[in-house]
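Since the structure comes first, as structure tokens, the remarks are kept for the end.
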Amino acid sequence: MSQPPSPSARPIVCPELGSDAGRVTVWLAEVGEEVTAGDRVVEVLLPGLSLDVSAGAGGLLSRIDRRNHQPVASGDVLGWIEPFAAEDGA
């Protein structure tokens, strides 16, 4: 089993899917890869619909919790992003 996310990690959450369950079809980023907020990181397939899930924060994709072909439901955590350290603007 992979290590738990750090306290600063941000979850990648499956959006509202209605009553249908979905399935992860493909991750568009790999663990350790840098992502920017808004980047598509994972694709979820619903009956008759393909849905892209975006990164909610910039950082490194640190963990994938739902692998390709695994079922998912609304609110499931798909993976985690370790955000970049905040830059000191002072």
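The values are calculated or read from the model by the stated rules, or taken from the named source; none is laboratory data. Treat the numbers as computed from the prediction; the structure is a model and nothing was measured. Every residue, glycine as well, gets a Cβ built from its backbone with ideal geometry; the counts of neighbours run over all protein chains shown. These accessible areas exclude ligands, DNA and RNA; they are computed on the full protein's heavy atoms, side chains included. Shrake-Rupley method; radii C 1.70, N 1.55, O 1.52, S 1.80 Å.
Yes/no per residue for (1) surrounded by fewer than 12 Cβ atoms within 10 Å (Cβ to Cβ); (2) of a type outside the set (A, V, I, L, M):
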position	(1), (2)
Ala9	no, no
Val24	no, no
Gly32	yes, yes
Val35	no, no
Leu46	no, no
Gly59	no, yes
Original post:
Which residues, counting only those in the range 50-63, are assigned to a strand (DSSP E or B) and not charged (D, E, K, R)?
Top reply: Ser50, Leu51, Val53, Ser54, Gly59, Leu60, Leu61, Ser62
**OP:** Report, by residue number, each residue of the range 12-22 that is open to solvent by 60 Å² or more (accessible area, probe 1.4 Å) and in contact (Cβ under 8 Å) with a residue 60 or more places away in the chain.
**Re:** Val13
**OP:** Output the residue which, of all residues in the range 64-78 that are part of a strand (DSSP E or B) and open to solvent by 40 Å² or more (accessible area, probe 1.4 Å), is nearest to Val26 (Cα to Cα).
**Re:** Pro71
Original post:
Would it be correct to say that Gly59 is in contact with a Pro (Cβ under 8 Å, 6 or more places away or on another chain), touching a residue at least 12 places away in the same chain (Cβ under 8 Å) and on the phi > 0 side of the Ramachandran plot?
Top reply: yes
Original post:
What's the number of the condition Ile81 fails, among (1) out of contact with any strand residue (DSSP E or B) (no Cβ under 8 Å at 6 or more places or on another chain); (2) outside any loop (DSSP other than H, G, I, E, B)?
Top reply: (1)
Original post:
When only residues in the range 48-57 that are small (Gly, Ala, Ser) and at pLDDT 95 or above count, which is most open to solvent (accessible area, probe 1.4 Å)?
Top reply: Ser54
**OP:** Identify, by number, the condition in (1) out of contact with any Cys (no Cβ under 6 Å at 6 or more places or on another chain); (2) at pLDDT 95 or above that Leu78 doesn't meet.
**Re:** (1)
